[in-house]
Amino acid sequence: MEKDISKKELLVKLFISSFYLSAFTFGGGYVIITLMKKKFADEYHWIDEKEMLNLTAIAQSAPGPIAVNGAIAVGYKLAGLPGMITAVLGTILPPFIIISIVSLFYEAFSKNPYIASALEGMLAGVGAVISSVVYDMAAPMVKSKNILSISVMAAAFILSYFFKVNAAFIVIACGILGAVKTWIAGCRK
């Protein structure tokens, strides 16, 4: 983390970054998590890449919106409770403002072919960004050549895509497997 930044400056920068990311993110929580990684890990160097992946795993595993869960995890890691509150406010305010405005003009927006076309065009961009998220999360596992992690990743994909197993069951099973792996590693030491 930047050494000469005060806590107040950190909170202001965290709020502005979270607000900006949330305001210009379309496509859901997975997209904002990737952008958070690029901003907080790659650009600001507040968190390293492995730590960001761990925080992402926590955000995905916890109930609730992944963008808010990610903001909670990152904000708390950076500045404790004030950081968590700051990051969450920065993350939830843009959608709240946008949805409030859209609800005022819903009739006009719903019948406007230009807005409908713009939203349809965004789908392609969202697909690309989600593909980027998958690559960013899978690449470190493949590079580590950890057979267990690669096997779990492949099995989770097969169970979800081909057998339509509920994602909640897959996440719970992977969490249990990770806990058992950690327990076994602790016993060996």
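From largest to smallest, what semi-axes in whole angstrom does the stretch 83-189 give when each is the square root of 5 times an eigenvalue of its alpha carbon gyration tensor?
Values: eigenvalues 312, 79, 39 Å².
Computed over the stretch 83-189, the values are 39, 20, 14 Å.
What list of ³J(HN,Hα) values in whole Hz, one per residue of the stretch 84-93 in order, does the Karplus curve 6.51 cos²θ - 1.76 cosθ + 1.60 (θ = phi - 60°) give from phi, with Gly and Pro shown as x?
Result, ordered by residue: 4, 4, 4, 5, 5, 4, x, 7, 8, 5 Hz.
List the relative contact order of the chain as a percent without decimals, with contacts defined as Cα pairs under 8 Å and 6+ residues apart. Intermediate values should be presented prior to the final figure.
On the way: 149 pairs, mean separation 39.4, N = 189.
Relative contact order comes out at 21 percent.
Please give the helix 49-61 orientation as an angle from the longest Cα principal axis of the chain, in degrees from 0 to 90, rounded to the nearest 10.
Approximately 80 degrees, to the nearest ten.
Peptides 129-138, 108-117: what's the order by average Cβ count within 10 Å, highest mean first?
Working: 129-138: 15.3, 108-117: 10.7.
Order by mean packing, descending: 129-138, 108-117.
With the chain treated as a Gaussian network of Cα nodes joined by springs under 10 Å, which of 70, 175, 90 yields the largest mean-square fluctuation?
Evaluated over the chain, the most mobile residue of the options is 175.
In square angstrom, what is the accessible area per residue of the chain with a 1.4 angstrom probe? Show your work: numbers first, answer last.
Working: 12310 Å² over 189 residues.
Each residue of the chain exposes 65 Å² on average to a 1.4 Å probe.
Positive end of the charge dipole of the chain (Lys, Arg +1 and Asp, Glu -1 on Cβ, about the Cα centre): tell me which of 108, 19, 40 has its Cα farthest that way.
40
Using a Förster distance of 35 Å, how high is the FRET efficiency between residue 48 and residue 117, based on the Cβ-Cβ distance and rounded to 0.05?
Here the calculated transfer efficiency is 0.30.
With every protein chain left in place and a probe of 1.4 Å, what is the accessible surface of residue 26, to the nearest 10 Å²?
110 Å²
Roughly how big is the chain's charge dipole about its Cα centre, with Cβ charges of +1 (Lys, Arg) and -1 (Asp, Glu), in debye to the nearest 20?
Computed charge dipole of the chain: roughly 600 debye.
Can you give me the convex hull volume of the Cα atoms of the chain, divided per residue and expressed in Å³?
Details: hull volume 29.8 nm³, N = 189.
Per residue, the Cα convex hull of the chain comes to 157 Å³.
Mind listing the phi-derived Karplus ³J(HN,Hα) values for the stretch 168-181, rounded to whole Hz, using 6.51, -1.76 and 1.60 with θ = phi - 60°, and x for any glycine or proline?
4, 5, 5, 5, 4, 4, 5, x, 5, 4, x, 5, 5, 4
Could you compute the FRET efficiency for residue 146 and residue 98, with r as their C-beta to C-beta distance and R0 at 45 Å, rounded to 0.05?
0.65
Taking θ as phi - 60°, what are the ³J(HN,Hα) couplings along the stretch 99-115 by the Karplus curve (6.51, -1.76, 1.60), each to the nearest whole Hz, with x for Gly and Pro?
5, 4, 5, 4, 5, 5, 10, 3, 4, 5, 5, 5, 9, 8, x, 6, 5
With every protein chain in place, what's the accessible area of residue 86 (1.4 Å probe, Å², nearest 10)?
About 20 Å², rounded to the nearest 10.
With respect to the cross-link table entries 8/77; 38/181; 50/181; 8/39, which display a Cα-Cα separation exceeding 25 Å? All intermediate terms of the calculation are to be shown ahead of the outcome.
Details: 8/77 15 Å; 38/181 29 Å; 50/181 18 Å; 8/39 19 Å.
As for pairs spanning more than 25 Å Cα to Cα, those are 38/181.
Whole Å is fine, so just give me how far the alpha carbon centre of the stretch 6-64 lies from that of the stretch 126-189.
Comparing the Cα centres of the stretch 6-64 and the stretch 126-189, I get a distance of 21 Å.
So if I place +1 on the C-beta of Lys and Arg and -1 on the C-beta of Asp and Glu, and nothing else carries charge, what would the dipole magnitude of the stretch 1-109 be about its Cα centre? I want it in debye, nearest 20.
Numbers: 9 positive and 9 negative charges, 33 e Å.
Rounded to the nearest 20 debye, it is 160 debye.
I'd like to know which of 63, 94, 130 lies farthest towards the positive end of the charge dipole of the chain, counting +1 on Cβ of Lys and Arg and -1 on Cβ of Asp and Glu.
It is 63.
The values are calculated or read from the model by the stated rules, or taken from the named source; none is laboratory data. Owing to the predicted nature of the structure, the values given are computational and were not obtained by experimental measurement. Don't worry about glycine lacking a Cβ; one is built from the backbone with ideal geometry, like all the others, and counts go over all protein chains shown. Accessible surface areas use protein heavy atoms only, side chains included; no ligands, DNA or RNA. Shrake-Rupley method; radii C 1.70, N 1.55, O 1.52, S 1.80 Å.
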